[in-house]
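Enquirer: The structure that follows is given in the form of structure tokens.
Derivation of every value follows stated rules applied to the coordinates shown; laboratory data play no part. A quick note: this is a predicted structure, and the numbers were derived from the prediction, not measured. A quick note on method: Cβ atoms are made from the backbone with ideal geometry, for glycine too, and the neighbour counts reach across all protein chains shown.
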Amino acid sequence: MKTKVALLFGCLMLMLSPLASKAATSAFITEGKSNGVMHVSGGVGKDERAKMDAMAKDYNLKLVFAQAPKNYVSGVKIKIEDHSGKALIQTTSSGPWFLAKLPQGDYRIIVSFHDHSEMRHLKMAAGAKTVEFFWKA
């Protein structure tokens, strides 16, 4: 009887292992929609960054967050406003990469990490853009 239970348990673990590894590689990737704008954040570890690279084709804005000397950071507060100052996205990134699908237009991006804020103006036209933010350690 113990052998049958052990064999059944082993088979169950083999069947579930692909699900466990999939969940482990995307534990920090979060998707959302704010004011009609789709966005996703994550990129903790190489596997997640590879997954987000594959997802990037569906987005036209990529934000990258790092702290000197080239360490990725997460927990960055993000606010993206349209040309009139209306906040389209207001969230916290779950990883060092943030992707958004913005319509063409003018935007202001405000990011904060450890009480240090930066602001950038962005003109979205055809094509994709990457904006990098670096903070001193």
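Enquirer: Would you calculate the separation in nanometres between label points at residue 66 and residue 108, each defined as 7 Å from the Cα along the Cα-to-beta-carbon direction?
Expert: 2.8 nm
Enquirer: Between residue 82 and residue 47, take the C-beta separation as r, use R0 = 41 Å, and let me know the FRET efficiency to the nearest 0.05.
Expert: 0.75
Enquirer: Distance cut-off 28 Å, Cα to Cα: go down the list 46/86; 86/136; 33/136; 70/101 and report the pairs above it.
Expert: Correct reply: 46/86; 86/136; 33/136.
Enquirer: Which order do the peptides 42-55, 74-87 come out in when sorted by mean C-beta neighbours inside 10 angstrom, highest first? Walk me through the numbers before you get to the answer.
Expert: Numbers: 42-55: 16.9, 74-87: 14.8.
Final packing ranking: 42-55, 74-87.
Enquirer: Something else now. Put one equal scatterer on each alpha carbon of segment 28-135, apply the Debye formula with no solvent term, and list log10 I(q)/I(0) at q = 0.09, 0.24 1/Å to two decimals.
Expert: Those come out to -0.20, -1.50, one per q.
Enquirer: Quick one: if the Förster radius is 22 Å, what FRET efficiency do residue 38 and residue 117 give, using the C-beta to C-beta distance and rounding to 0.05?
Expert: Values: r = 25 Å, r/R0 = 1.12.
The computed FRET efficiency comes out at 0.35.
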